[in-house]
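Read the structure below first, then the notes.
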Amino acid sequence: MSTVLVYASKPDVRERVLAAVGRRPAADLDEIEFVEVADAETLIDAVDHGEADLCILDAEATPSGGMGLSRQLKNEVADCPPTLLLVARRDDRWLATWSQADGVVGHPVDPGTLTDEVVRLLRARSAGTVVRRPVVNTRAH
């Protein structure tokens, strides 16, 4: 079974993610156990203790947004699971590079797009493939 943490401050956002992906998004993957998380402290504790195979983070969550949490997890947790950001504004997609997120989808979620990204990231995680995007230095030398 794969454990997917769904972080959002609003319950309806978490519910839409669960409904969109479902418990078995692909025949070759294990069933998913979703853990709904509404606060940053619980999310960080769960990831720090290896309790997640994937984190879906709402970039619009308050008071701690998913982008900042993604960056914090990637920089502080040795074997950080993949992170998938939900972004409301198309212009915010570039921030995913800063946040070191492994995937980005629009919000409100399109069930097909979200499911495809979840499947991609869970397959990579189960295969032991590094899914973390490389950090690109944008400063000129």
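The values are calculated or read from the model by the stated rules, or taken from the named source; none is laboratory data. Model, not experiment: these values are computed from the prediction. Cβ placement follows ideal geometry from the backbone for every residue including glycine, while neighbour counts extend to all protein chains displayed. Surface accessibility is based on the protein's heavy atoms, side chains included, excluding ligands, DNA and RNA. Shrake-Rupley method; radii C 1.70, N 1.55, O 1.52, S 1.80 Å.
What is the sum of charges, Lys and Arg at +1 and Asp and Glu at -1, for the other residues whose Cβ falls under 9 Å from the Cβ of Glu36?
Result for the local shell: 0.
What does the accessible area per residue of the chain come to in Å², with a 1.4 Å probe and no ligands, DNA or RNA counted?
53 Å²
Can you compute 3J(HN,Hα) from phi for each residue in segment 69-78, using the Karplus curve 6.51 cos²θ - 1.76 cosθ + 1.60 with θ = phi - 60°, rounded to whole Hz and x for Gly and Pro?
These are the phi-based 3J(HN,Hα) values: 5, 4, 4, 4, 4, 5, 8, 10, 10, 4 Hz.
Classify the chain from the C-alpha gyration tensor, please: rounded if a/c falls under 1.5, else prolate or oblate depending on whether a/b exceeds b/c.
rounded
Ser2: net charge of surrounding residues, Cβ under 9 Å, Lys/Arg +1, Asp/Glu -1, itself excluded?
So the surrounding residues net to -3.
Return the carbon/sulfur percentage of the accessible area of segment 8-141, one whole number, probe 1.4 Å, all protein chains in place.
48 percent
How large is the charge dipole for the chain, taken about the Cα centre, if only the Cβ atoms of Lys, Arg (+1) and Asp, Glu (-1) carry charge, to the nearest 20 debye?
In debye, rounded to 20, the chain gives about 660.
Quick one: which residues, 5 or more positions from Val35 or on another chain, have an amide H under 5 Å from its amide H? H modelled 1.01 Å from N in the peptide plane, none for Pro or chain starts.
Excluding prolines and chain starts, which carry no amide H, the hits are Val4, Leu5, Val6.
Taking Cα centroids, how far is segment 98-112 from segment 6-42 in Å?
13 Å
Using a 10 angstrom Cβ neighbour count of at most 14 plus a DSSP loop assignment to flag exposed GluC sites (Glu not before Pro), which longest range of the chain is free of such sites?
Between the exposed loop sites, the longest stretch runs 52-141.
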